[in-house]
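> Okay, handing you the structure first.
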Amino acid sequence: MKIVYWSGTGNTEKMAKLIKQGIVAEGKDAETIFVSDVNIDALLEEDTLVLGCPSMGSEVLEKSEFQPFIDEISTKVSGKKVALFGSYGWGDGEWMRNFEDKMLDCGCTIIGTPLIIQNEPDDSDKECIIFGRKIVTS
Ligand SMILES: Cc1cc2nc3c(=O)[nH]c(=O)nc-3n(C[C@H](O)[C@H](O)[C@H](O)COP(=O)(O)O)c2cc1C
């Protein structure tokens, strides 16, 4: 499975690595890919997408790399299962609700509840690993 993420200060990246641990623990291969390095054609061969981005701007996805990536895949992901995650600082998760709505509008099915973690996932390591496991088993 490919875990595609953007991270400025490393929190969402840390979540991505923990989610990978959970996926691997369920016996699936997983790799984390910074969004600017992703091969979109290869990604679109997958049935399940794992996408992570922190809350940026004012409750929006990161604008210069991650949002353009979503715009590019948006017409090509209908029917796929997606798992969404990201770190935030002080908001109430609005950016992730909008991200979820966007992917639903694209015709995707959302796996479980998107995982949002405030700042660094110190005490939430387990939550990220469990989320990774759930991606494989659901
Ligand atoms: C430019 C900028 C804008 C941000 N805007 C929000 C926001 O609107 N809501 C929020 O909850 N956190 C906001 N944050 C906080 C980040 O979401 C938080 O620091 C997060 O842990 C960053 O994840 P990262 O380490 O993966 O980059 C913002 C941070 C930056 C640098």
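Computed from the coordinates by the stated procedures, all read-outs in this text should not be read as laboratory data. This is a predicted model, so every value here is computed, not measured. So basically every Cβ, Gly included, is an ideal-geometry build from the backbone, and we count neighbours across all protein chains shown.
> Compute, for the chain, the length of the dipole vector about the Cα centre, with Cβ point charges of +1 (Lys, Arg) and -1 (Asp, Glu) only. Units Debye, rounded to 20. Walk me through the numbers before you get to the answer.
Working: 14 positive and 24 negative charges, 71 e Å.
Charge dipole, the chain, about its Cα centre: 340 debye, nearest 20.
> Subtracting the Cα-Cα distance from 0.36 nm times the residue separation, let me have the gained length for Asp123 to Val24 in nm, one decimal.
33.6 nm
> Can I ask one more? Write out the chymotrypsin sites (Phe, Trp or Tyr not before Pro) in the stretch 1-108 meeting two conditions: DSSP loop, and at most 10 other Cβ atoms within 10 Å of their Cβ.
Loop-located and lightly packed - Trp90.
> What is the extension gain from Asp37 to Ser64, computed as 0.36 nm multiplied by their sequence separation minus the C-alpha to C-alpha distance, in nm to one decimal?
Using 0.36 nm per residue and subtracting the Cα-Cα distance, I get 8.3 nm.
> Given the C-alpha centroids of the stretch 1-51 and the stretch 99-138, what is the distance between them in whole angstrom?
About 12 Å separates the Cα centre of the stretch 1-51 from the one of the stretch 99-138.
> Working from the pairwise distances between different alpha carbons, so that the mean of 1/r is found and then inverted, what is the chain's Kirkwood radius in Å? Present the calculation step by step, with values, prior to reporting the outcome.
On the way: mean 1/r = 0.0687 Å⁻¹.
Taking the inverse mean of 1/r over all distinct Cα pairs, the chain comes out at 14.6 Å.
> Can you list which of the GluC sites (Glu not before Pro) found in the stretch 23-73 are DSSP loop residues with at most 11 other C-beta atoms within 10 Å?
For GluC sites (Glu not before Pro) across the stretch 23-73 that sit outside H, G, I, E and B with at most 11 neighbouring Cβ atoms in 10 Å, the list reads Glu45.
> Picking from Ala42, Ala30, Phe69, whose Cα lies most toward the positive end of the charge dipole for the chain (charges on Cβ: Lys, Arg +1; Asp, Glu -1)?
Of the candidates, Ala30 comes out farthest on the positive side.
> OK, next. What's the ranking of 103-110, 35-42 by average number of surrounding C-beta atoms within 10 Å, highest first? Walk me through the intermediate numbers first.
Numbers: 103-110: 15.5, 35-42: 11.9.
The densest-packed peptide leads the list: 103-110, 35-42.
> Before rounding to the nearest 500, sum -39500 (n - 2.57) across all DSSP H runs of length at least 4 in the chain and divide by the residue total; then give [θ] at 222 nm in deg cm²/dmol.
So the calculated ellipticity at 222 nm is -11000 deg cm²/dmol.
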